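Here's the structure we're looking at; comments come further down.
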Amino acid sequence: MQTPPPTTPRTEPSDADVEAFKQQLGRPPRGLRAIAHRCPCGQPDVVETAPRLPDGTPFPTLYYLTCPRAASAIGTLEANGVMKEMTERLAADPELADAYRAAHEDYIRRRDEIEELTGFPSAGGMPDRVKCLHVLVAHSLAAGPGVNPLGDEAIAMLPEWWRKGPCVTVSETCGEDGK
């Protein structure tokens, strides 16, 4: 089991954070509200997005993983059948299913505190299946350990993606605060 990254405070995005996002995903952010978690390297790795995009389109994914190294490692877990195994465990383990339902409720509550999206699911397949480990990991990183049991498990399976240093390099002059 790897050492999980430390919990970090939610912060307002700086110009440098927006530039890092652009480099990480190859596009400008849409509906960016905050940096929900920072990688130990200092760059954003999870952003909080608005429940509606600027054009009014509902966007129920509150926490979005941006780090390409973490995303790649999670993709490997998905390709190796981790989602299927987790979904099977949900059906067989009532305690795990209850904890995962609580994670779903936490996700919906956090999103609805910003704007209620009536009739929209949470994300990642919650509460009945595992559809996207990226979302579950993003939720665990943003909310902290113990909130999403399967997100926490996935983080424990990941390599320490930050050990190689930042996934992107942002010029010190791009943000007023130099971050």
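Worth pointing out:
- Annotation: amide H of Arg52 within the under-5 Å range of Phe59, sequence separation 5 or more or interchain, hydrogens built in the peptide plane.
- Placed amide H near Ala34: partners under 5 Å, 5+ positions off or other chain: Glu48
- Under 5 Å, built H, 5+ apart or other chain: amide partners of Asp45: His37, Arg38, Cys39
- Within a Gaussian network of the chain (alpha carbon springs, distance under 10 Å), most fluctuating of Pro28, Pro44, Pro60: Pro28
- For segment 133-146, 3J(HN,Hα) per residue [Karplus equation, 6.51 cos²θ - 1.76 cosθ + 1.60, θ = phi - 60°, Hz, x = Gly/Pro]: 5, 4, 5, 5, 5, 4, 4, 4, 5, 6, 7, x, x, x
- What the pair-distance distribution of segment 1-53 shows, using all Cα-Cα distances binned every 10 Å from zero, is 25, 53, 19, 3 percent.
- Dividing the radius of gyration of the alpha carbons in segment 1-92 by their Kirkwood radius gives 1.02 for Rg/Rh.
- Prolate/oblate/rounded label for segment 72-170 (Cα gyration tensor, a/c 1.5): oblate
- More than 24 angstrom apart: percent of Cα pairs within the chain: 36 percent
- Added length on full extension, which subtracts the Cα-Cα distance from 0.36 nm per residue, Glu78 to Glu116: 10.7 nm
- Carbon-plus-sulfur accessible fraction, the chain (probe radius 1.4 Å, protein heavy atoms only): 51%.
The values are calculated or read from the model by the stated rules, or taken from the named source; none is laboratory data. Because the structure is predicted, anything quoted here is derived from the model rather than measured. The protein model used for the area step is the full one, side chains on, heavy atoms only, and it has no ligands, DNA or RNA in it. Shrake-Rupley method; radii C 1.70, N 1.55, O 1.52, S 1.80 Å.
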